[in-house]
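Structure first, then comments.
Read-outs throughout are calculated quantities, based only on the coordinates presented, and are distinct from any laboratory measurement. Since the model is a prediction, treat every value here as computed from it, not as a measurement. As a convention, Cβ positions derive from the backbone with ideal geometry for all residues, glycine included, and neighbour counts pool all protein chains shown.
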Amino acid sequence: MGLVRMPKKPPKPCAKQGCPRLTHERFCEEHQREEWQTYNRFYRDEFSKRFYSSRAWRKVRERKLMINPLCELCMKEERLAAATVVDHIIPIKDGGEVWDLENMQSLCKTCHERKGAMERFNRK
């Protein structure tokens, strides 16, 4: 069976109250940026703040997405989705190698959120 391109859902209004923009994500680009800033400011530890905003990480992330531009988990399920996130397979918090490309996977936002939720659930 070949790869199946998943149809896109119709855009929906931005979740920011009063914003009229339509988006395929939870927030429009402007408000997504605000959400990330809030997340980084209040929920990320200092190491993560520095690491994920570093030039070195941005370069490695860009390189990984060039090597694997499609979501690796979706492809395992014979779906096509553009990768937008580079994820550490073994989280850094759990001793995963920080700079090893073999410990990284290109994921779409949906798969990354699902993986993160499972990791948080399993930590409890």
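Remarks
- Magnitude of the charge dipole for the chain, about its Cα centre and with charges confined to Cβ atoms of Lys, Arg (+1) and Asp, Glu (-1), is about 360 debye.
- For region 59-124, size of Cβ-based charge dipole, Lys and Arg +1, Asp and Glu -1, in debye: 280
- Long-range HN-HN contacts of Met104 with modeled amide H, under 5 Å: Ile89
- Counting only residues at least eight positions apart within a chain, or on another chain, the lysines with an alpha carbon under 17 Å from that of Lys49 are Lys59, Lys93.
- Signed unit charges on C-beta, dipole axis of the chain, positive-most listed residue Gln37, Ile92, Cys111: Gln37
- With a cut-off of 11 Å on the backbone N, no residue of region 91-124 is near the modelled label site 7 Å out from Arg21 along Cα-Cβ.
- Nonlocal amide H pairs with Arg79, under 5 Å, H built at 1.01 Å: Val4
- Taking a ≥ b ≥ c as the square roots of the eigenvalues of the Cα gyration tensor, the chain is classed as oblate, since a/c reaches at least 1.5 and a/b does not exceed b/c.
- Here Lys12 is the anchor, and the aspartates and glutamates within straight C-alpha reach of less than 12 Å, apart from those fewer than 8 places off in the same chain, are Glu25.
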